[in-house]
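Notes follow the structure.
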Amino acid sequence: MSSNKWKYRTYYLNIDSSDRDRRTWPNSGNFEVKFQPDSTFSGATVNRAFKNVVTIEVMDVMFPNIPKALQNMYYYLCFPELTDGVGVFESTNNYNTKALVKILPLNVVGNYIISQYQHPETTRIVFPVEGKRIDKLTVEFRTNTGAIFDFTEGTDNGTTPDPLLQTSITLRITVRDKMIP
């Protein structure tokens with residue numbers, strides 16, 4: 001009789017809006033990242049798919065320090081493929097319940113606002129024992145009213161991204177692999 005033995009691996013994934021297809025996704029606060037796509041796909045890609053995902057947690061988030069960004073008290077970072085409409089929060093605000101993390105714009109560094117998270121229990125989603133397969137993620141920066149926030153105001157859809165209008169997210173992804181005896 002064999003026993004199941006598992007090995008856990010951790011990957012750090014950086015998602016940068018400057019890699020998106022800006023014609024399809026003109027807003028750096030809302031775009032799609034495909035994992036191990038076919039060769040015809042153009043846009044933000046990661047050259048591997050993640051199987052048997054146990055946890056995904058947000059390590060940090062950066063977004064443009066533009067005047068209208070500071071008009072919101074906070075933002076929600078949503079990935080609809082991960083939460084299936086239910087995030088990690090219980091809340092009086094229906095949009096918060098769909099979020100993976102609440103972003104507080106606390107640290108302004110030059111042209112960017114940076115939020116770093118030291119307590120993964122508040123920025124992590126845990127999947128069932130069998131894990132989850134991730135083939136794509138749709139990044140959504142949302143306001144407290146649920147609206148997608150447009151950091152670019154439609155001006156970043158040319159061939160060269162404006163570095164002052166981009167977002168960046170670092171995720172820690174833990175997967176479970178079966179060990180071969």
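Since every read-out is calculated from the coordinates, none of them should be taken as a lab result. All figures in this text were calculated on a predicted structure; none of them were measured in a lab. Note that each Cβ is placed from the backbone with ideal geometry, even for glycine, and that neighbours are counted across all protein chains shown.
Please say if the range 6-178 is rounded, prolate or oblate, where rounded means a/c under 1.5 for a ≥ b ≥ c the square roots of the C-alpha gyration tensor eigenvalues, and otherwise the choice is prolate for a/b larger than b/c and oblate otherwise? It comes out oblate by the Cα gyration axes. The HN-Hα couplings worked out from phi for the range 26-41 by the Karplus form 6.51 cos²θ - 1.76 cosθ + 1.60 (θ = phi - 60°) are x, 9, 6, x, 7, 7, 10, 10, 9, 9, 6, x, 6, 5, 7, 6 Hz, whole numbers, x standing for Gly and Pro. If only the Cβ of Lys and Arg carry +1 and only the Cβ of Asp and Glu carry -1, the dipole of the chain around its Cα centre is close to 680 debye. Taking amide H atoms as placed 1.01 Å from N in the peptide plane, the amide H of residue 101 lies under 5 Å from those of 77, each 5 or more residues away in sequence or on another chain.
Across the range 6-178, Cα pairs under 8 Å and at least six residues apart give a relative contact order of 42 percent. Across the range 138-146, computed HN-Hα scalar couplings (Karplus, 6.51 cos²θ - 1.76 cosθ + 1.60, θ = phi - 60°) run 9, 7, 9, 8, 10, 7, 5, 8, x Hz from first to last residue, x flagging Gly and Pro. Among bridges DSSP assigns within the chain, what percent are antiparallel (round to 5)? Roughly 95 percent of the DSSP beta bridges within the chain come out antiparallel. For residue 28, the residues whose modelled amide H falls within less than 5 Å of its own, excluding neighbours fewer than 5 places apart on the same chain, are 151, 152.
Applying the Karplus relation 6.51 cos²θ - 1.76 cosθ + 1.60 with θ = phi - 60° to the range 157-164 yields 3J(HN,Hα) values of 10, x, 7, 10, x, 7, x, 7 Hz, where x marks Gly and Pro. Please compare each pair in 5/102; 34/102; 98/136 to a cut-off of 29 Å on the Cα-Cα distance and tell me which ones are over it. Cα-Cα > 29 Å for 5/102; rest within. Taking the Cα centre of the range 1-52 as reference, the dipole from Cβ charges on Lys and Arg (+1) and Asp and Glu (-1) amounts to some 320 debye. Of the residues 117, 106, 6, the one whose Cα sits farthest towards the positive end of the charge dipole of the chain is 6 (charges of +1 on Lys and Arg Cβ, -1 on Asp and Glu Cβ, taken about the Cα centre).
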